[in-house]
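We did not get these values from a lab; they are worked out from the coordinates using the rules stated. Only a predicted model underlies this, so the values are computations on that prediction, with no experimental measurement involved. Because the Cβ atoms are built from the backbone with ideal geometry, glycine has one as well, and the counts that use them run over all protein chains shown.
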Amino acid sequence: MRTLLTLLCLTLLCTCVSAQTPNSIQTANTLLQAGPMLGYCEQREVMIWVQTKLPALVKVEYTDDAGQTMTTNEVKTSRETAYTAKMIADQVQPGQHYTYRVFIDGSAVELDYPTEFTAQKIWRWREDPPTFQVALGSCTYINEPAYDRPGEGYGSEYEIFTSIDQKNPDLMIHLGDNMYLREPDWYTKTGYHHRYTHTRSLPEMQPLLARTHHYATWDDHDYGPNDSDRTWVLKEVAKETFDAFWGNLTSGLPTSKAESGFAGITSTFRYNDTDFFLLDNRSFRTPNDQKRADNKTVLGKAQLEWLVESLIFSDSPWKMVCIGGQVLNTVKAGETYVNLAPQEQEYLLRRITEENITGVVFLTGDRHHTELSERRLSNGKMIYDLTISSLTAGTGSSRSEKNTYRVPGTLAVEHNFGVLTFSGPLKQRTLKVEVFDTEGKEIWTKMLDK
């Protein structure tokens, strides 16, 4: 009798579990707002970001190629942080590949695209650094007619994110204006959360988020109103929201906080043999229209000195400096560095020259066109400014400005994205720049020379 009762209970239990499984999956998928998105990637940690629609418990299971499964910390999402969660996969092994699944309130989310990552490899003192690719883009505008300006939508060709995903880059760096705050968004935390959520939830973006590691800096439109500067009263809210929605390794500088009372979002990370510096060109800048010239700044003194000293310290063959606005463009108009703070620009380039720093490439956005600028410094070293813009925001039909450092044939006035390929032996690392249109077709390709 006892055996019969046991079998009956097991049968009922299996029946109940079987009946609940589809509903559980449906509930988990219904609760998912955006993501998963891969954040920073290190040898011993990988960050995974998820946003839910309501308060929920979120965790991630990740499985190596041998079939061993591990689980991240579990995070309870809350309205205060727009229901975002950051889970840390802290049992990864260097160079190992993993597939992963997101669980919301105990049920697995089912997705129809790959969710996978590979921790950074140990290569130093063993072999040459691995070849890797980095996607670049800026200016992501996603239409929302109820809050947009009347008329034709400013955003279009969202399929560009599918084209980026098809290139299968290791990383993607978002170079500012990663979403466009509208007038109803500017003055409240609710507005910031709405705009970031609306953009991050774009269906075309989700597969790219799930298997490429994403890093970001900002420009004016994801910081505040157009041309925002250090006077912006909601910059604390801007930083809190940025930090909640992105997965950079760090955010802000203690020296900037000590100098100005605000840390900003400055960050840095190293991928294989290459250093990337994510600068904050909004939190410390003086107003664009300020007439007084002797203290005009884009970066602020603390961040500027941190950058110079970090470049001196770096042993990276290529040093990638990511900033929302153009650095080398010679046109004195708009938000070019030479127009906003010429003395600071001159100081930065002079210090790079004095310290004989090689392989510096500024990665910039903002301009709604793409171009490569190159300049030979007085010590004979080359320095570059690669502007990639825009992903989905409006573009002009032409550009008449005369940037004397522009490399002929690199101007692109259409939706586009960039891909950097780092390859070769340690002492002879090469950097190839490719620019593609919305459909993933090549616009131009260049090899950079130090």
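Quick notes on this one:
- Label-to-label distance, H97 versus K332, with points set 7 angstrom from Cα along the beta-carbon direction: 5.5 nm.
- Two-site label geometry, Y187 and N288: point separation in nm, points 7 Å out along Cα→Cβ: 2.2
- Cα lying deepest toward the dipole's positive end in the chain, options T364, V298, T410, charges on Cβ: V298
- Vicinal HN-Hα couplings computed from phi for segment 330-336 (Karplus, 6.51 cos²θ - 1.76 cosθ + 1.60; Hz; Gly/Pro x): 8, 6, 8, 7, x, 10, 5
- Helical contribution to [θ] at 222 nm, DSSP H n ≥ 4, -39,500 (n - 2.57), averaged over the chain, rounded to 500: -7000 deg cm²/dmol
- One chain, two ends: N29 and N356. Fully extended at 0.36 nm per residue, the span grows by 112.4 nm beyond their Cα-Cα distance.
- Every pair of different Cα atoms in segment 32-118 enters the Kirkwood calculation, which places the hydrodynamic radius at 13.0 Å.
- Test item: Cα-centred dipole of the chain, Lys/Arg +1 and Asp/Glu -1 on Cβ, debye: 680
- Amide hydrogen neighbours beyond the local backbone of F362, cut-off 5 Å, H modeled: V321, Y384, D385, L386
- Shape of segment 132-448, Cα gyration tensor, a/c cut at 1.5: rounded
- Considering only the chain, percent of DSSP beta bridges that pair antiparallel, nearest 5: 70
- Phi angles across segment 241-253 convert, under the Karplus curve 6.51 cos²θ - 1.76 cosθ + 1.60 with θ = phi - 60°, into 3J(HN,Hα) values of 6, 4, 5, 6, 9, 10, x, 4, 5, 9, 8, x, 10 Hz, Gly and Pro given as x.
- Span from the segment 381-429 Cα centroid across to the segment 308-361 one, whole angstrom: 16
- Other-chain or far-sequence residues with amide H under 5 Å of G95's (modelled H): A119, Q120, K121, I122
- Taking amide H as placed 1.01 Å from N in the peptide plane, the amide H of F132 sits under 5 Å from that of F422, each at least 5 places away or on another chain.
- GNM top mover of Q96, Q326, Q68 - the chain, alpha-carbon springs below 10 Å: Q68
- Virtual spin-label span in nm between E144 and R375, 7 Å along Cα→Cβ: 3.8
- Summary of packing: across the peptides 281-291, 432-442, the per-residue average of other C-beta atoms within 10 Å ranks them, highest first, as 281-291, 432-442.
- Backbone geometry of segment 31-38 corresponds, through the Karplus equation with coefficients 6.51, -1.76 and 1.60 at θ = phi - 60°, to 3J(HN,Hα) couplings of 6, 6, 8, 7, x, x, 10, 7 Hz, x marking Gly and Pro.
- In plain terms, the chain from E414 to N226 could stretch by 65.5 nm, reckoned as 0.36 nm per residue minus the Cα-Cα distance.
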